[in-house]
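S.K.: Quick one: the structure is below, questions incoming.
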Amino acid sequence: MERILNFIDGELRPPVGNAWLDVYEPARGTVYAQLPDSDSRDVDLAAIAAQRAFATWNALGREGRSNALLRLADLIERDLEGFVADESRDNGKPLSLARRVDIPRAIANFRFFATAILHFSSEAHLMDDVAVNYTDRQPFGVAGCISPWNLPLYLFTWKIAPALAAGNCVVAKPSEVTPYTAYRLSTLCNEAGIPPGVLNIVHGLGPKVGAAITAHPGIPAISFTGGTRTGAEIARVAAPMFKKLSLELGGKNPVLVFADCDFEQMLKTTVRSSFTNQGQICLCGSRILVERSIYDRFRDAFVERVRALRVGDPSDATTDLGAVVSKDHMEKVLSYIDLAKEEGGRVLCGGERVVLQDEMSNGWFIAPTVIEGLGPARRTNQEEIFGPVVTLQPFDDDADAIRSANATPYGLASVVWTSDLQRAHRVARQLQAGIVWVNCWMVRDLRTPFGGMKQSGVGREGGLDALRFFTEAKNVCIKL
Ligand code: NDP
């Protein structure tokens, strides 16, 4: 069986402890490869290699680093179909989605940060005739990057690209559930001319490898995307060490549908914002709040569209939803559907596992599920489910909609559907969310700040904020 290897100091290596974990294909429920069950010894080796490579990487200058990252982007593009197939096999997502979104956006991450660093400037402040201050931003050495399974290569590159562009070396851990695209990326680094030790990828379990990166004294900054509970654990360890921390965490995103919206456009996009990637995108809308006057019309039309979605083989071009990422995750999502019923919710469609034929009969598929009848305080409307499950709730007016939208501990993303420009601005200002999309969803300009409020995270990544995060700012004050 194929074995995925760590990438440390420019070499593909087995883990020091020679222990291995199984990698599953969600659509078949079978093991297709093994990955290193690494531990702190592998992280130590990676951190040492990264510290050693720091001077070489910086000596390349912005342009040299930019060129290396652009070459890496070109190599991913050259091998696009391989990456697409791996991403779909690892994660269960439709091949068409990996081809349309995940891999192109991973390439875009490298290209964006590789060119942004060329134009990155810092500030100067003149104090009349007293002094001049300028901000010297320097990379700090080694960054720790830890990413989740839902958009494996996209979110992995979202962290490592700015860290590398800014001049740091990296010790990174992809999710143990979906390691293959990061592994494939590691096989291209030498060809791209990235010096050994600049990017190190250590595979394995969060509580072992992730925890070792978090606690490592030679890694002064941690950029993490994942669940809120894991983020809290990372903060608990890293904060007393005074590490720089960026935490992109969970969400329970509201979609606000006002009666004056473009109904057809809203309906089409809301089906997508609910069920793309089986609802396993941190930005998916999971609570759909609908103005009471159009609630029945919306519910009936929405349920009809959702029933028409095709759950199936991820490699089939007609498939809308593939498998969810793991057996554990499938069971978690199904348990939330049971909870919704216990809480008095009505399942309008879906609500169960889908069993496909033949070699996919053991795959982890769930029918897209719509639930109504639950108020904002119910656990179903409070806790992140992170699967193909949405709830519907009516609202009476703007204030009611905003109250319900903000009534969770999370604050990642939100969507507003209205044709009233003033209402759009007014509501957007009052939503407690790091992103408000008005009459659209998942439209991303990488120059904008990205991140959540409340328990959805701290620190903003995206655009120049990410480059700033991955540098240490020093003020130099010169007396005139
Ligand atoms: P987890 O928090 O379980 O894991 C994220 C990463 O952290 C994985 O690589 C995991 O390793 C690792 N990890 C687990 N425990 C520790 C630990 N103690 N110390 C350090 N690292 C650890 O999240 P999921 O992978 O389940 O991803 C889904 C979550 O990610 C959802 O909550 C979703 O909302 C959130 N997310 C947020 C986004 C945002 O931009 N705000 C974007 C995408 C997802 P392992 O895989 O081995 O467990």
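The values are calculated or read from the model by the stated rules, or taken from the named source; none is laboratory data. Note that the coordinates shown come from a computational prediction; the quantities given were computed from them, not determined experimentally. So basically every Cβ, Gly included, is an ideal-geometry build from the backbone, and we count neighbours across all protein chains shown. The area values use the complete protein model at the heavy-atom level, side chains included, leaving out ligands, DNA and RNA. Shrake-Rupley method; radii C 1.70, N 1.55, O 1.52, S 1.80 Å.
S.K.: Report the Cα centroid-to-centroid distance between the range 252-314 and the range 395-434 in angstrom, as an integer.
M.R.: Result: 16 Å between the Cα centres.
S.K.: Also: Using mean Cβ contacts within 10 Å as the protection proxy, how do 201-207, 17-23 order, highest first?
M.R.: Those peptides, ordered most packed to least, come out 201-207, 17-23.
S.K.: For Arg100 and Asp445, what is the calculated FRET efficiency with R₀ set at 25 Å and r taken between the beta-carbons, to the nearest 0.05?
M.R.: The formula returns an efficiency of 0.90 here.
S.K.: Once you list every other residue whose beta carbon is under 13 Å from the beta carbon of Pro139, what net charge do they have if Lys and Arg are +1 and Asp and Glu are -1?
M.R.: +4
S.K.: Turning to a different aspect of this structure: Could you tell me what fraction of 2.2 N^0.38 Å the Cα radius of gyration of the chain comes to, as a two-decimal ratio?
M.R.: 1.00
S.K.: Further question on the same structure: Using 0.36 nm per residue, how much length does the chain from Phe242 to Ala377 gain when fully extended, once their Cα-Cα distance is taken away?
M.R.: Values: separation 135, 0.36 × 135 = 48.60 nm, distance 3.61 nm.
Difference between extended and current length: 45.0 nm.
S.K.: A 21 angstrom limit on the alpha carbon distance is what I want to check against. Which of Lys341/Lys454; Lys268/Lys332; Lys244/Lys454; Lys268/Lys341 exceed it?
M.R.: Working: Lys341/Lys454 28 Å; Lys268/Lys332 28 Å; Lys244/Lys454 18 Å; Lys268/Lys341 27 Å.
From Lys341/Lys454; Lys268/Lys332; Lys244/Lys454; Lys268/Lys341, over 21 Å: Lys341/Lys454; Lys268/Lys332; Lys268/Lys341.
S.K.: Express the accessible area of the range 2-126 per residue in Å², computed with a 1.4 Å probe while the remaining protein chains stay in the model.
M.R.: Per residue, the range 2-126 has 42 Å² of solvent-accessible surface.
S.K.: Same structure again: Just how large is the dipole of the chain about the Cα centre, in debye to the nearest 20, putting +1 at every Lys and Arg Cβ and -1 at every Asp and Glu Cβ?
M.R.: 780
S.K.: Now for a different question. For every helix of n ≥ 4 consecutive DSSP H residues, a contribution of -39,500 (n - 2.57) applies; sum these over the chain, divide by its total residues, and give [θ] at 222 nm rounded to the nearest 500 deg cm²/dmol.
M.R.: Details: 15 runs with 173 residues, N = 480.
Helices in the chain give a 222 nm mean residue ellipticity of -11000 deg cm²/dmol.
S.K.: Same structure, new question: Round to a whole number: what % of the accessible area of the chain belongs to carbon and sulfur, probe 1.4 Å?
M.R.: It is 52 percent, rounded to a whole number.
S.K.: Given q = 0.14, 0.17, 0.18 Å⁻¹, what are the Debye log10 I(q)/I(0) values for the range 253-445, with equal point scatterers placed on the Cα positions and solvent ignored?
M.R.: -0.74, -1.09, -1.21
S.K.: For the range 1-159, what does the equivalent ellipsoid look like in terms of its semi-axes, each the square root of 5 times an eigenvalue of the Cα gyration tensor, given largest first in whole Å?
M.R.: Each semi-axis is the square root of five times an eigenvalue, giving 36, 22, 14 Å.
S.K.: Still on this structure: Using a cut-off of 15 Å between alpha-carbon atoms, which aspartates and glutamates can reach Lys252, once sequence neighbours fewer than 8 places away in the same chain are excluded?
M.R.: Once the sequence-local aspartates and glutamates are set aside, what remains near Lys252 is Glu383, Glu384.
S.K.: If every alpha-carbon in the range 214-259 counts as one equal scatterer, what log10 I(q)/I(0) does Debye give at q = 0.20, 0.21, 0.32 1/Å?
M.R.: Ignoring solvent entirely, the Cα scatterers give -0.62, -0.67, -1.18.
S.K.: Determine the alpha carbon to alpha carbon distance for each of Lys243/Lys327; Lys208/Lys474; Lys93/Lys208 and list only those over 29 Å.
M.R.: Too far apart for the 29 Å limit: Lys243/Lys327; Lys208/Lys474.
S.K.: Then there's this: Sorting check: for 283-293, 240-250, which peptide has the highest mean count of neighbouring beta carbons within 10 Å, and how do the rest follow?
M.R.: My ranking of the peptides, most packed first, is 283-293, 240-250.
S.K.: Shifting gears a bit: Distance between Cα centroids, the range 165-208 to the range 69-132: provide it in whole Å.
M.R.: A separation of 15 Å, based on Cα centres.
S.K.: Okay, next question. Let a ≥ b ≥ c be the square roots of the eigenvalues of the Cα gyration tensor of the range 61-124; is it rounded (a/c under 1.5), or, if not, prolate (a/b larger than b/c) or oblate?
M.R.: prolate
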